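Engineer: Once you've had a glance at the structure underneath, I'll fire off some questions.
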Amino acid sequence: MQSRAPIVLEARGITLRYGEVLALDQAEASIPAASMTAIVGPNGAGKSSFLKSVLGLEPATGTVRAFGLPVAQALPRIAYVPQRAAVDWGFPVRVIDVVLMGTYRQTGLLGRASAPIRARAEAALDRVGMADFASRQIGALSGGQQQRVFLARALAQGADLYLLDEPFAGVDAATEAAIIDVLKALRDGGATVVAVHHDLATVDSYFDRVLLLNRRTLAEGAVRTTFTRANLALAYGPALHLDSAA
Amino acid sequence: MDEFLTLSLPPMLIAALAAMACALPGNFLLLSRRAMLGDAISHVVLPGIVAAYLLSGSGSGLVMGAGALGAAGIAALLIEAVTRRSGMEPGAAMAVVFTAMFAGGVVLLETTGASGVHLDVEHALYGNLESLIWLGAPPPELLRLTLITLGLGLALALVWRPLVLCTFDPVFARSMGIPTGLVQSGLTAATALAAVAAFQAVGSILTIAMLICPAAAARLLTRSLPAQIAASLGFAVTAAFVGYGLAGYVPLWLGLPFTLSASGMIATVAGLLLGGAALVASHRGAPGL
């Protein structure tokens with residue numbers, strides 16, 4: 001059944017150089033609709049760079065099509081959740097202001113947020129369990145709360161494809177559970193989720209697909225058939241021991 | 001009292017307006033960790049003005065303003081190029097570019113006829129605030145700075161949301177298709193405009209102080225961005241009035257036979273305000289620290 005789902009994100013020949021360093025070498029992905037894919041690979045494998053390259057945020061070469069369009073034209077249907085550490089959390093804005101940043105497409109860049117838009121942002125906060133924090137300054141949040149706010153901002157975008165960069169990095173267990181619930185609900189509602197993921201032990205229970213990356217794509221497919229010792233050895237080397245891998 | 005209105009109030013108002021014009025973009029330079037860019041731009045204004053004067057032979061504010069904006073643009077491109085080509089960190093690239101351009105401007109000024117006119121190195125550094133008095137008509141700087149300050153305030157209100165988004169999270173902004181490069185260039189241009197306007201009245205030292213000190217002090221004492229900007233404007237005006245007053249009147253009261261540099265004193269007061277804010281904030285544990 002999964003094989004019959006339409007492909008919503010197709011990346012081919014993604015190559016990225018930082019000076020002498022080849023960060024990505026002909027990496028690729030083919031993501032079907034209403035799936036949850038973990039991008040997995042060792043440190044420095046280019047997972048975050050791959051996500052950014054797919055969105056056109058890095059000077060990478062290759063082709064990316066999303067929803068049948070060149071990715072630049074499909075951006076309105078894509079929500080990107082950067083790494084939490086990418087921003088200054090001492091920045092003087094409130095939680096609701098950050099979530100409203102996800103609604104620019106509804107308001108227009110220069111427009112003000114109308115009441116329905118505000119309601120939508122508040123609903124997004126509610127979905128991640130942060131409704132009571134709307135008026136807090138973001139500087140007062142814990143790491144897990146910061147991550148929930150970032151997810152709420154993506155929810156407020158109302159996208160069909162969610163690309164998340166290490167959404168579980170440095171968050172508490174309750175936040176991790178809350179985030180995975182939201183992501184699974186998104187998938188069950190027909191949206192597509194792709195996340196850079198570090199914890200190999202939870203790939204099986206959180207995701208239904210996996211993409212093994214180490215500068216190039218080593219394997220991609222259903223967790224059951226792709227998340228194997230042999231494939232992991234390709235990505236991490238033969239020394240890796242992992243009980244949950246089949 | 002009449003003397004105050006014609007001799008002291010116009011330069012005080014000009015200093016206050018220049019400080020406010022600089023504080024507006026300064027808040028965003030600070031938050032995007034590009035405070036050094038303000039330093040760079042206020043320096044490269046000098047070669048821009050000299051080059052514009054030499055090329056056009058005109059000393060009009062408009063021509064010099066255009067030259068300064070052009071120099072700021074060239075500096076921004078050079079900084080970008082040096083950063084990209086050499087892998088140098090942006091702060092170092094800025095330091096290299098703006099000191100080289102400033103030095104070039106000084107050499108140009110000294111070796112050509114340009115220093116005969118309104119331009120000399122001392123004015124470039126300290127401005128000539130004390131000479132901006134009301135002689136039958138208001139000094140032209142007063143009107144110009146009023147218009148530029150109002151214009152910058154209006155522009156800020158118009159682009160508020162994209163500017164805040166691009167300052168807080170530029171990568172996310174780009175993922176939404178927002179032209180963050182354009183927004184950044186707009187901020188650079190606004191900084192250049194404020195620096196040019198302020199430079200001719202108050203010199204490059206005060207311009208640097210005004211781009212950063214009021215915003216930095218406000219950042220330490222406030223929690224929300226609108227409050228920070230309001231406070232920075234308050235600090236800017238306070239520094240201008242208190243600094244000018246101290247420079248002009250304190251030596252007089254003390255019976256000293258000289259006055260102090262007004263723009264130097266204003267910059268000093270701005271620095272003291274920042275120091276005071278840091279003391280208060282360290283006691284309170286402010287979010288900006």
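Engineer: Just counting partner chain Cβ atoms within 10 Å, what average do the residues of peptide B:163-170 show around their Cβ? Could the numbers behind the result be given before it?
Structural biologist: Details: counts 0, 7, 8, 0, 4, 10, 9, 4.
Shielding by partners across B:163-170 averages 5.
Engineer: Same structure, new question: If I take all pairs of Cα atoms in chain A, what percentage of them are more than 28 Å from each other? Working shown, then result.
Structural biologist: Values: 9710 of 30135 pairs.
Tail fraction, whole percent: 32.
Engineer: Separate question: Going toward the positive end of the dipole of chain B, with +1 on Lys and Arg Cβ and -1 on Asp and Glu Cβ, which of B:Leu109, B:Ala227, B:Pro10 do you reach last?
Structural biologist: B:Ala227
Engineer: Among A:Gln137, A:Gln145, A:Gln73, whose mean-square fluctuation peaks in a Gaussian network model of chain A (Cα, cutoff 10 Å)?
Structural biologist: Comparing A:Gln137, A:Gln145, A:Gln73 in a Gaussian network model of chain A, the most mobile one is A:Gln73.
Engineer: Across peptide A:98-105, how many C-beta atoms of other chains are within 10 Å of each residue C-beta, on average? Can you show the working numbers first?
Structural biologist: Values: counts 5, 0, 3, 10, 3, 1, 7, 3.
Mean inter-chain Cβ contacts per residue within 10 Å come to 4.
Engineer: At the nearest 100 Å², what buried accessible area, both sides summed, do you get for B and A when the probe is 1.4 Å?
Structural biologist: Heavy-atom accessible area buried at this interface is about 2500 Å².
Engineer: Before I look further, what does the protein assembly as shown give for accessible area per residue, probe 1.4 Å, in whole square angstrom? Please list the in-between numbers first.
Structural biologist: Values: 22650 Å² over 535 residues.
For the protein assembly as shown, the per-residue accessible area is 42 Å².
Engineer: Now, a different point. Any idea what diffusion coefficient the protein assembly as shown gets from Stokes-Einstein, in µm²/s, Kirkwood Rh on alpha carbon pairs, 4 °C, 1.567 mPa s?
Structural biologist: Translational diffusion coefficient: 50 µm²/s.
Engineer: A:Thr63 versus B:Leu143, label points 7 Å from Cα toward the beta carbon: distance in nm?
Structural biologist: A separation of 6.1 nm, rounded to one decimal place.
Engineer: Got a sec? What order do B:Trp134, A:Trp89, B:Trp160 fall in by accessible area at 1.4 Å, biggest, i.e. largest, first? Intermediate results must be reported in sequence, preceding the final value.
Structural biologist: Values: B:Trp134 105, A:Trp89 30, B:Trp160 65 Å².
Of B:Trp134, A:Trp89, B:Trp160, the descending order of accessible area is B:Trp134, B:Trp160, A:Trp89.
Engineer: How much mean residue ellipticity at 222 nm does chain A get from its helices, if each DSSP H run of length 4 or more adds -39500 (n - 2.57) and you divide by all residues, to the nearest 500 deg cm²/dmol? Provide the component values of the computation, followed by the final result.
Structural biologist: On the way: 10 runs with 85 residues, N = 246.
Result for chain A: -9500 deg cm²/dmol, rounded to the nearest 500.
Engineer: Residues of segment B:206-242 with accessible area at least 40 Å² lower in the all-protein-chain context than alone (1.4 Å probe)?
Structural biologist: Those are B:Arg219, B:Arg223, which lose 40 Å² or more relative to the chain on its own.
Engineer: Would you be so kind as to list the residues of segment A:116-157 that have their accessible area lowered by at least 40 Å² in the full protein complex compared with their chain by itself (1.4 Å probe)?
Structural biologist: Residues shielded by partner chains are A:Gln137, A:Arg153.
Engineer: Over segment B:2-204, what percent of the accessible surface lies on carbon and sulfur atoms, probe 1.4 Å? Each step should come with its number before you reach the end.
Structural biologist: Details: 5940 of 8490 Å².
Result for segment B:2-204: 70 percent of the exposed heavy-atom area is carbon or sulfur.
Engineer: Could I ask something else about it? Would you please calculate the Kirkwood hydrodynamic radius of segment B:2-204 over all C-alpha pairs and express it in Å, rounded to one decimal?
Structural biologist: Details: mean 1/r = 0.0565 Å⁻¹.
For segment B:2-204, inverting the mean 1/r across all distinct Cα pairs yields 17.7 Å.
Engineer: Moving on to the next point. When the accessible area of segment A:1-150 is split by element with a 1.4 Å probe, what percent falls to carbon and sulfur?
Structural biologist: Heavy-atom surface of segment A:1-150 belonging to carbon and sulfur, 1.4 Å probe: 51 percent.
Engineer: Considering only DSSP beta bridges where both residues belong to the protein assembly as shown, give the percentage that are antiparallel (nearest 5).
Structural biologist: Working: 23 of 40 bridges.
The antiparallel fraction comes to roughly 60 percent.
Engineer: I need the helices of chain B that pass two filters: whole DSSP H segments spanning 18 Å or more by Cα along the axis, and mean Kyte-Doolittle score no lower than -0.5. Before the final figure, lay out each step's value.
Structural biologist: On the way: long enough: B:9-31 (33 Å, 1.84); B:35-56 (32 Å, 1.54); B:61-86 (36 Å, 1.20); B:90-111 (31 Å, 1.60); B:140-158 (27 Å, 1.61); B:180-221 (29 Å, 1.54); B:225-253 (40 Å, 1.28); B:262-284 (33 Å, 1.27).
Long hydrophobic helices here: B:9-31, B:35-56, B:61-86, B:90-111, B:140-158, B:180-221, B:225-253, B:262-284.
Engineer: Between A:Asp204 and A:Thr15, with labels modelled 7 Å along Cα→Cβ, what's the label distance in nm to one decimal, could you check?
Structural biologist: 3.8
Engineer: Under 20 Å from the 7 Å Cα→Cβ point of B:Ala230, by amide nitrogen: which residues of segment A:72-116?
Structural biologist: Flagged as within label range: A:91-98, A:113.
The values are calculated or read from the model by the stated rules, or taken from the named source; none is laboratory data. Note that the coordinates shown come from a computational prediction; the quantities given were computed from them, not determined experimentally. Counting neighbours? That spans all protein chains shown, and the Cβs are built from the backbone with ideal geometry, glycine included. Ligands, DNA and RNA are excluded from the accessible area calculation, which covers all protein heavy atoms including side chains. Shrake-Rupley method; radii C 1.70, N 1.55, O 1.52, S 1.80 Å.
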